Structure formats: C-alpha cells, structure tokens
1. Can you figure out the FRET efficiency of A78 with T103, using R₀ = 25 Å and their beta-carbon distance, to the nearest 0.05?
2. Which residue, L127, P73, L169, has the largest displacement toward the positive end of the dipole of the stretch 41-175 when charges sit on each Cβ (Lys, Arg +1; Asp, Glu -1)?
3. Skipping prolines and chain starts, which residues have an amide H placed within reach, meaning under 5 Å, of the one on V47, given they are 5 or more residues away or on another chain?
4. Using R₀ = 25 Å, calculate the FRET efficiency as 1/(1 + (r/R₀)^6) where r is the Cβ-Cβ separation of Y34 and T64; round to 0.05.
5. Taking each full run of DSSP H in the chain as one helix, which ones are at least 15 Å long along their axis (Cα atoms) and have mean Kyte-Doolittle hydropathy of at least 0.5?
6. Within a 10 angstrom radius of the beta carbon, how do R9, R62 rank from fewest other beta carbons to most?
7. K40's amide H: which non-local residues (gap 5+, or another chain) put their own amide H closer than 5 Å, with H modeled 1.01 Å from N in plane and none for Pro or chain starts?
8. Only bridges whose two residues both fall in the chain count here: according to DSSP, what percent of them are antiparallel, nearest 5?
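Just so it is clear, none of the values below were taken in a lab; they were calculated from the coordinates. Not measured: the values here are computed from a predicted model. Ideal geometry is used to build each Cβ from the backbone, glycine not excepted, and the neighbour counts take in all protein chains shown.
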Amino acid sequence: MTWKKLRSRIVYDNPWITVYEDHVVNPSGGENQYGHVHFKNKAVAIVPLDDEGNTWLVGQDRYTLGAYSWEVPMGGAASDEEPLDAAKRELKEETGLSAAKWTHIMHLHTSNSITDEEGFVFLAENLSEGEPEFEETEKLEIRKLPLDDALEMVDSGQITDAISVAAILKIAGKQGSNR
C-alpha cells in the first residue's frame, strides 16, 4: 500500500512556499495528519573551482537558524527558469564570479520527509572574477579557500547546510581530495 491523501488544507501561503496539512492513510493503513511544505522555487547551488583547486564560500546570518552559516553560493530558480540560468545569475550575484565551463553534478531533495524542494548543484570552472551584486536581503562575506579546507569545514561541522555539504563532498570525491 502507498500513501493516500484523503483531504488537504493550506495552513500558510506566501510567494515562496505553501504549507499544507493533509489527512492521509499511511502505507500501514492508519489514518493521520501529515504536514508538508511545497517550495515554489527550485534551489540551485554552485561549487566554483579554479585551476589551483580553490573554491568560494559565502557566509551569512541565517534567520531560521539564529546562527551564522558558511555555504556554497546558492539561490532560487523560479519554476519556469532553467536551473543553469539561475546558477549563473546566483554565482555572479553572490561572488562576482563568472564561469566559462558549467557541469551539472547533482540533483537532490533537501528534506524529503517534510518538503518537495528540489536542489540542483553545478560545478563552475574557468572562472573570471568581477564584483558581486548582492540582493537587498543579502549581507554576505565571501571566502576563497582551498577545496580541502572547505572539506575540513564540512568534517568539523562548520558547514552544516545540506546542499553545501552534499556538493562539497561530491566535488571532493571527484577531485580526489588531498586529505
């Protein structure tokens, strides 16, 4: 047996998310409530990597965590926007970087027990530097560092964002980390 939705109601809605409360029959046949979040945008993340093995992270205060967070550059793509186009825009906005070579390296679901959010991760190479173009809500710190240092930040718990962790581990594995 699979999940069966009996009824659903919107608990909250804004331009980015809709929160639903569903009455469902679970795979064991029991009835219960299930809350979930529908994301109206797709997440896009970028691991910029230069010829010397350096990458860029962005740091910012995250309201939802009440804490500072180091992450790979990332943002949102509207449902009708190609993830690669959004990734190019976000990399430029958050770091000032542009890339001549782009590789899609990962598709993931960020927390599939409570949300349908999709994430797309890209490797950006052959980089050119420029000036960042932060959005009004962004006050970012930009850090250029060796990929191995970013991997150490994952290992030590300094990077906890799920997409960033997955992206860094994926690229480090492909690059054959020096650690």
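1. Approximately 0.65, to the nearest 0.05.
2. The Cα lying farthest towards the positive end belongs to L169.
3. Long-range HN contacts for V47: F122, L123, A124.
4. Calculated transfer efficiency: 0.70.
5. Long hydrophobic helices here: 162-175.
6. Arranged by neighbour count, lowest to highest, R9, R62 become R9, R62.
7. Hits under the 5 Å cutoff: I17, T18.
8. Given both bridge residues lie in the chain, the antiparallel proportion sits at roughly 85 percent.
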